[in-house]
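Here the structure is laid out as structure tokens; the discussion comes afterwards.
The values are calculated or read from the model by the stated rules, or taken from the named source; none is laboratory data. Keep in mind it's a predicted model, so treat the numbers as computed, not measured. Glycine gets a Cβ as well: all are built from the backbone with ideal geometry, and neighbour counts include every protein chain shown.
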Amino acid sequence: MANAYYDPADLRKFGKITEWSEELGTKFFDYYGKVFEEGALSAREKSLIALAVSHVVKCPYCIDAYTKDGLQRGITKEEMMEAVHAGAAIESGATLVHGVQMMNKYNKLSM
Amino acid sequence: MATKSLKKRESELANAQRQLELLSNGIFADGELPTFADKIKGVGHFPLRPNKLEILQINVGYMCNQVCEHCHVDAGPDRKEIMTRETMQQCLEVIRNTGAHTLDLTGGAPEMNPDFRWFVEEAAKAGIKDFIVRSNLTIIRANKKYYDLPDFFKKHNIHVVSSMPHWTRGKTDKQRGDGVFDKSIKALQELNDRGYGMPDSSLRLDLVYNPSGAFLPGDQASMEKDFKKALMEDFGIQFHNLFAITNLPISRFLDYLIASDNYEDYMYQLVEAFNPAAVANVMCTNTLSISWDGYLYDCDFNQMLGLPVNSKVKHISEYNEDLLQNRNIVISQHCYGCTAGAGSSCQGTVA
């Protein structure tokens, strides 16, 4: 048992989750694979979306995986960083938009 | 950026035997990953055997004007291994009699061999159908004596295949050296000026893409689209096809993988991406590689690992196509590089 919560080598073992629940694991990986195929969005666009979301959900495995995926697709570091900012902007926007609730409550409570 | 070959630096990895040990130890020795032999046994391809011989690939020397980080040849200005005219004459004898339709000249920078032009002229007379020179592009701008190479290539209808790791300056120079990108762009424009790479032109100009790091190449067709768009928009450059080639874990790329602590992850990637459909068409099934000193190998990678063909015939001077065709191909774990994903060869993907 590793003495840290995250081990980079665990990413390789992701597929093993199927061993303890074959039906659900298989359904998940089929779905996952299908999502990232070329569709109305290109696989390249989806890779950048995945990279941004990886940061927002703070998943170190996903960040490793989609940084490498981006490199393989020839995505530049400038494009990757912009995607991360897009995710970060939504995340901070989600915090800040609650400021309106604070303002509403403040005004309601104030004479 | 290294400026000397592993050999000149007296690196442990300049020793082919040491590389082969590394590729057989660790994760492969303790069974964490299957050896390449076991893997192809599982899909009914062991022993690996040649199909019809189509390509003779001749390495005319390891000298090069560049010292690329990923070079599997460990080429550079300090490498003195150069094919002599005598060995070239033995090659010509074979070229006149072979059933192969393609002659593929590589190096090093093949143009730096002092007998390069003589050899091309003589080989052209032998009537090979497709005549490839693997040019690093910068050689064309390296010295005045090479400025007329585009005309020379055109005169002999040579199919030019050139490395271009990325359409951006930063990535290209990081892998291949400072200034390489600008010189390569200039050389490509000169080739375009001669008609090379233009749509419908019979003067073939293809580019080779190698990933600049510890990851596999993406989809060849979409990379080609991206390269074409960027090179056209930024520099007005045209070319025919892009070959996406996987970096094999040998020589300087192996040195990089180990130094950057990427070796195990990279080998996992290669093994996980193993594609049985690629095995049937790997390069060694239709190519023979000839070294600067005339020895015969299943591929350029085996040449660098000091693994000669498993045949009674070992040298160009005793060449016998029938005997050579009846051999088992020599393999090790580096071969996973040619069977990953869509497969990889000097002509790009194979599956």
Query raised in the report: Is it true that some residue in the stretch B:158-180 is in contact (Cβ under 8 Å) with a residue 60 or more places away in the chain and of a type in the set (Lys, Arg)?
Result: yes
Query raised in the report: Before we move on, is B:GLN220 within 14 Å of chain A (Cβ to nearest Cβ), under 29 Å from B:GLU272 (Cα atoms) and in contact with a strand residue (DSSP E or B) (Cβ under 7 Å, 6 or more places away or on another chain)?
Result: yes
Query raised in the report: Does A:ASP30 satisfy being more than 26 Å from B:THR246 (Cβ to Cβ), among the charged types (D, E, K, R) and either within 14 Å of another protein chain (Cβ to nearest Cβ) or not in a loop (DSSP other than H, G, I, E, B) (or both)?
Result: yes
Query raised in the report: What are the residue pairs meeting all of these: first residue in the stretch B:246-261, first residue within 17 Å of B:ASN25 (Cβ to Cβ), second residue small (Gly, Ala, Ser) and assigned to a helix (DSSP H, G or I), Cβ atoms under 8 Å, and 6 or more apart or on different chains?
Result: B:PRO249/B:GLY337
Report summary line: The one condition A:THR67 fails out of (1) assigned to a helix (DSSP H, G or I); (2) more than 25 Å from B:ALA244 (Cα to Cα); (3) in contact with a helix residue (DSSP H, G or I) (Cβ under 8 Å, 6 or more places away or on another chain) is (2)
Query raised in the report: In the list A:GLY25, A:GLY15, which residue meets the criterion of being in a helix (DSSP H, G or I), of a type in the set (Gly, Ala, Ser) and within 12 Å of chain B (Cβ to nearest Cβ)?
Result: A:GLY15
Report summary line: B:LEU288 fails exactly one of (1) within 18 Å of B:GLU12 (Cβ to Cβ); (2) under 16 Å from the mean Cα position of the chain (by Cα); (3) among the aliphatic types (A, V, I, L, M), namely (1)
Requested in this report: Residues being surrounded by fewer than 22 Cβ atoms within 10 Å (Cβ to Cβ) and either more than 21 Å from B:VAL160 (Cβ to Cβ) or away from chain A (no Cβ under 14 Å) (or both): count how many of those fall in the stretch B:230-242.
Outcome: 7
Query - The lone exception for B:LEU296 - which of (1) at pLDDT 95 or above; (2) surrounded by fewer than 21 Cβ atoms within 10 Å (Cβ to Cβ); (3) not small (Gly, Ala, Ser) it fails - result: (2)
Query raised in the report: Within the stretch A:43-61, can one find any residue that is over 22 Å from A:LEU11 (Cα atoms), within 14 Å of chain B (Cβ to nearest Cβ) and either out of contact with any strand residue (DSSP E or B) (no Cβ under 9 Å at 6 or more places or on another chain) or surrounded by fewer than 14 Cβ atoms within 10 Å (Cβ to Cβ) (or both)?
Result: yes
Query raised in the report: Being more than 13 Å from every other protein chain (Cβ to nearest Cβ) and among the hydroxyl-bearing types (Ser, Thr, Tyr), is that true of even one residue in the stretch A:64-86?
Result: no
Query raised in the report: Among the residues of the stretch B:105-124, is there at least one that is without any contact (Cβ under 8 Å) to a residue 12 or more places away in the chain and in a loop (DSSP other than H, G, I, E, B)?
Result: no
**Report entry** 1 or more residues within 14 Å of chain A (Cβ to nearest Cβ): qualifying helices (runs of 4 or more DSSP H) within the stretch B:133-191
**Finding:** B:169-176
Query raised in the report: Would you say A:ALA9 is within 14 Å of chain B (Cβ to nearest Cβ) and closer than 30 Å to B:ILE245 by Cβ?
Result: yes
Query raised in the report: If you check A:ASP64, A:ASP7, A:ASP30, which single one turns out to be under 27 Å from B:ASN262 (Cβ atoms), at pLDDT 95 or above and either surrounded by fewer than 15 Cβ atoms within 10 Å (Cβ to Cβ) or not aliphatic (A, V, I, L, M) (or both)?
Result: A:ASP64
**Report entry** Only listed residue being modelled with pLDDT under 95 and not hydroxyl-bearing (Ser, Thr, Tyr), chosen from B:HIS70, B:HIS45
**Finding:** B:HIS70
Requested in this report: Output the number of residues of the stretch B:152-170 satisfying the condition of being under 20 Å from B:ASN241 (Cβ atoms) and not hydroxyl-bearing (Ser, Thr, Tyr).
Outcome: 11
Query raised in the report: In the stretch B:175-188, is there at least one residue being buried (at least 23 other Cβ atoms within 10 Å of the Cβ) and farther than 22 Å from B:GLN347 by Cα?
Result: yes
Query raised in the report: Out of A:ALA94, A:ALA40, which single residue is of a type in the set (Gly, Ala, Ser), surrounded by fewer than 15 Cβ atoms within 10 Å (Cβ to Cβ) and outside any helix (DSSP H, G or I)?
Result: A:ALA40
**Report entry** Set B:ILE316, B:ILE331: member being in contact (Cβ under 8 Å) with a residue 40 or more places away in the chain, at negative phi, more than 18 Å from the chain's Cα centre (by Cα) and crowded, with 20+ Cβ neighbours inside 10 Å
**Finding:** B:ILE316
Query raised in the report: Going by the conditions given, is B:ASP293 farther than 29 Å from B:ALA109 by Cβ and either over 18 Å from the mean Cα position of the chain (by Cα) or part of a loop (DSSP other than H, G, I, E, B) (or both)?
Result: no
